[in-house]
1. Rank these by accessible area, largest first, 1.4 Å probe: GLU41, GLU20.
2. Picking from ILE9, ILE34, TYR23, whose Cα lies most toward the positive end of the charge dipole for the chain (charges on Cβ: Lys, Arg +1; Asp, Glu -1)?
3. With every protein chain left in place, what is the accessible area per residue of the chain in square angstrom, probe 1.4 Å?
4. I want to check the label-to-label distance for ARG29 and ASP14. Put each point 7 Å from Cα in the C-beta direction and report it in nm to one decimal.
5. Rank these residues by their accessible area, most exposed first, probe 1.4 Å: ILE9, ILE34.
6. Using a ≥ b ≥ c from the Cα gyration tensor of the chain (square roots of the eigenvalues), is it rounded, prolate or oblate, where a/c under 1.5 gives rounded and otherwise the larger of a/b and b/c decides, a/b for prolate?
7. Using alpha carbons only, how many degrees (0 to 90, rounded to 10) separate the axis of helix 18-30 from the longest principal axis of the chain?
8. Determine the share of the chain's accessible area contributed by carbon and sulfur atoms, expressed in whole percent, with a 1.4 angstrom probe.
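The values are calculated or read from the model by the stated rules, or taken from the named source; none is laboratory data. Source: prediction; values computed, not measured. Reconstructed Cβ throughout: ideal geometry from the backbone, glycine too, with neighbour counts over all protein chains shown. Keep in mind that these areas ignore ligands, DNA and RNA; they rest on the heavy atoms of the full protein, side chains included. Shrake-Rupley method; radii C 1.70, N 1.55, O 1.52, S 1.80 Å.
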Amino acid sequence: MRLKDKKVIALIEDDFEDLELWYPVLRLREEGAIVHLVGKEA
């Protein structure tokens, strides 16, 4: 839990691979980070 309560923003765009997004997001969450996904549309 080295990243407990740290906030991280993952910026996403139209052309991304699922694993390029979800693997880092899941690993960060495992370490205790709060991850927000941000894109130009909901």
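1. The residues order as GLU41, GLU20, largest area first.
2. ILE34
3. For the chain, the solvent-accessible area averages 92 Å² per residue.
4. Here the answer is 2.7 nm between the modelled labels.
5. Descending order: ILE9, ILE34.
6. Values: a/c = 4.00, a/b = 1.73, b/c = 2.31.
Verdict is oblate for the chain.
7. So the helix axis and the longest Cα principal axis differ by about 20 degrees.
8. Numbers: 2110 of 3850 Å².
Ligands and nucleic acids excluded, carbon and sulfur reach 55 percent.
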